[in-house]
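Colleague: Input: one structure, supplied below.
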Amino acid sequence: RGGNNSNVGKVTVTQGSGTTVSGSLWGFGLNQYGPQPMEFSTQGTIVGGSGGGIYTASARPPGSPVILEMLSGADISASSGIAIRDGGGQAQLTLHGGSKVTGHIRLGSNSDTMLVLPGAVISPDTEIDGGSTAAATDLLGSTTWTNKLTFQGGTLTRAGATILNWQTITLDGTPTELTDSLLNTGTGTNPDGSLQGLLLRNAAKVTLQPEVKISGDVSIDPGTSMNHSLGGAVKGAVTNGGVVTWVHPAGPPASYSRLSNTSYIGVSGQLVMNTFLGVDGSASDVLAIDGGTATGKSTLNITNTD
């Protein structure tokens, strides 16, 4: 097992390509007792045991910066099913293209960030947790810390229920399909003034199947889109500068859908909806404002689908 305990200064550890570190508890552990940051980068293989693959911790409130770089060639796993765990630092985790993580990622308390770059591979059924649901640490809704997750480029297909305890989730140019359409995010703004919620940026496109279940805000930039076919609910506000599309599924007019959100802010965005031109009261897609307000400007594109 690799390990380091320090209370004096900055800790920098690098694992080269073609090397393997393994252990019966943790594959590699870093503990920082001082205020200086820790930096760990790897291009090699780390295999953990009953603890996990990589463990980092900071005993210094509110936690020293913990900078983790999973470079091309990195392969992290553990028999426990926990690949990476931070126990109390301000984690800054980057998964570069060509890196592979098999197992849960749990970043624990304090404000954490995670960046996933094109070509990085995360096992599809494991949790990407900005806090640690298993340890009841830094859960979504905490006002003490802010966790930010960004998928930048590439293509993402994942169950939203595996993405936990992130106040801000950014899809930056990333075509995404959420296979269960369940996603819990924050609302409003972070202490630094940045937005909470699901943020679609730089031509990102998210497809929600089977129905929308988003607990926080959604912000849709120009050139980006959110598609759904069975309606559902956004429990926060939707700010739309791009396109929200009601994709009409195959079937009779009764299969039109209702999407509700607390508030709607149009920023010259578009709503693409379907209707059935029959008698008064014939089925149509619906946008319902539930408990909030509708403001701004949007273009309605209505298609007669029968």
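Colleague: With respect to ILE76, is the statement that it is outside any loop (DSSP other than H, G, I, E, B) and in contact (Cβ under 8 Å) with a residue 40 or more places away in the chain true? Spell out how you get there, then give the answer.
Modeller: Working: outside any loop (DSSP other than H, G, I, E, B): yes; in contact (Cβ under 8 Å) with a residue 40 or more places away in the chain: yes.
Answer is yes for this residue.
Colleague: Within the stretch 181-224, which strands (runs of 3 or more DSSP E) (wholly inside it) include 2 or more residues that are within 21 Å of TRP246 (Cα to Cα) and in contact with a His (Cβ under 8 Å, 6 or more places away or on another chain)? Even if it seems obvious, please write down each step before you answer.
Modeller: Details: elements: 197-201, 205-208, 212-214, 218-220.
Result: 205-208.
Colleague: Does THR113 qualify as being open to solvent by 30 Å² or more (accessible area, probe 1.4 Å) and in contact with a Lys or Arg (Cβ under 7 Å, 6 or more places away or on another chain)? Please lay out each step first, then the result.
Modeller: Values: open to solvent by 30 Å² or more (accessible area, probe 1.4 Å): yes; in contact with a Lys or Arg (Cβ under 7 Å, 6 or more places away or on another chain): yes.
Spelling it out, THR113 is indeed open to solvent by 30 Å² or more (accessible area, probe 1.4 Å) and in contact with a Lys or Arg (Cβ under 7 Å, 6 or more places away or on another chain).
Colleague: Continuing with this model, one more query. How many residues are assigned to a strand (DSSP E or B), open to solvent by less than 50 Å² (accessible area, probe 1.4 Å) and over 21 Å from THR239 (Cα atoms) when one looks only at the stretch 275-306?
Modeller: Going through the stretch 275-306 one residue at a time, the tally reaches 2.
Colleague: In the stretch 225-258, how many residues are modelled with pLDDT of 85 or more, farther than 18 Å from LEU183 by Cα and not in a strand (DSSP E or B)?
Modeller: 5
Colleague: Can you tell me which residues in the stretch 75-99 are of a type in the set (A, V, I, L, M) and within 21 Å of the chain's Cα centre (by Cα)?
Modeller: Filtering the stretch 75-99 down to residues of a type in the set (A, V, I, L, M) leaves 76, 78, 82-84, 91, 93, 95.
Residues satisfying the conditions are ILE76, ILE82, ALA83, ILE84, ALA91, LEU93, LEU95.
Colleague: Right, something else. Somewhere in the stretch 156-179, is a residue in contact with a His (Cβ under 8 Å, 6 or more places away or on another chain) and outside any strand (DSSP E or B)? Before the answer, list the steps.
Modeller: We begin by selecting, within the stretch 156-179, every residue in contact with a His (Cβ under 8 Å, 6 or more places away or on another chain); these are none.
Checked against the condition, which is being in contact with a His (Cβ under 8 Å, 6 or more places away or on another chain) and outside any strand (DSSP E or B), the stretch 156-179 yields no hits at all.
Colleague: How many of the residues in the stretch 142-174 are within 26 Å of GLY231 (Cβ to Cβ) and open to solvent by 60 Å² or more (accessible area, probe 1.4 Å)?
Modeller: 2
The values are calculated or read from the model by the stated rules, or taken from the named source; none is laboratory data. All of these numbers come straight from a predicted model, not from anything done at the bench. Neighbour counts run over all protein chains shown; Cβ positions are idealised from the backbone, glycine included. SASA here: full protein model, heavy atoms, side chains in, ligands and nucleic acids out. Shrake-Rupley method; radii C 1.70, N 1.55, O 1.52, S 1.80 Å.
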